[in-house]
Each structure stands twice: as structure tokens, then as C-alpha cells.
1. Conditions first: (1) touching a helix residue (DSSP H, G or I) at 6+ places or on another chain (Cβ under 9 Å); (2) part of a helix (DSSP H, G or I). Leu48 passes all but one, so which condition is the exception?
2. Of everything in segment 52-80, what is surrounded by 10 or more Cβ atoms within 10 Å (Cβ to Cβ) and either among the aromatic types (Phe, Trp, Tyr) or not in a helix (DSSP H, G or I) (or both)? Give them in sequence order.
3. Out of Glu58, Glu83, report the one residue that is acidic (Asp, Glu) and modelled with pLDDT of 90 or more.
Amino acid sequence: MASSSPKSRSSSHRQAKHVRVSDRSAETLAFISTLTAASKQAIVEDALEHYRRKLIMESVLDAYCALEQDPTEWQSLRAEFEELEGPIADGIG
């Protein structure tokens, strides 16, 4: 029977990844971990997810700002929004 080396394990096996951080960042991470009782890994994963979402929102904002500079395209988008926001046929209001 062949031994199971890290290279022969399935791709779904999670291997630890290491990232070097400054002393200040390590101290901040330890402080947050103590304060919240969350693991350092959970804190980093949560921070990365928040950062990912922030980048997406900035990208969307940049795209809207670019659209706003083109009066024809901006008006077309506003007309589409108005159509979508029109009255709902639910009998209320």
C-alpha cells in the first residue's frame, strides 16, 4: 500500500497556508481574537470577505460614475430603473 504524501492527497484536502504579517498586525489580530473569542483564522477570513465585498462595491460605484458621464447611457439606465420600479399589480396603494 502506497503512503499518503501531501502531493497524493485529494485536492479537497485543505493545507495550511502561511502569510507573514507585521508585528503590529499580529498584535492587532491577537487583540481582536482575545476581545471576541474568535479564532485568528476566523478573524482573517472575515476580514478578507469584508475587503472582497468592499472592492466589489467600489467597482460598481466606479462603473456607475463612468455611466453617469455618458448622458445617453445614463438616461437609458434611469429609464430601465423607472420601468422596474413602476407600480406593482398587487392592489395595494
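The values are calculated or read from the model by the stated rules, or taken from the named source; none is laboratory data. For clarity, every value in this text was computed on a predicted model and none was experimentally measured. In this analysis, Cβ positions are derived from the backbone assuming ideal geometry, glycine residues included, and neighbour counts consider all displayed protein chains.
1. Condition not satisfied by Leu48: (1).
2. The answer is Tyr64, Asp70, Trp74.
3. Every option except Glu58 fails the conditions.
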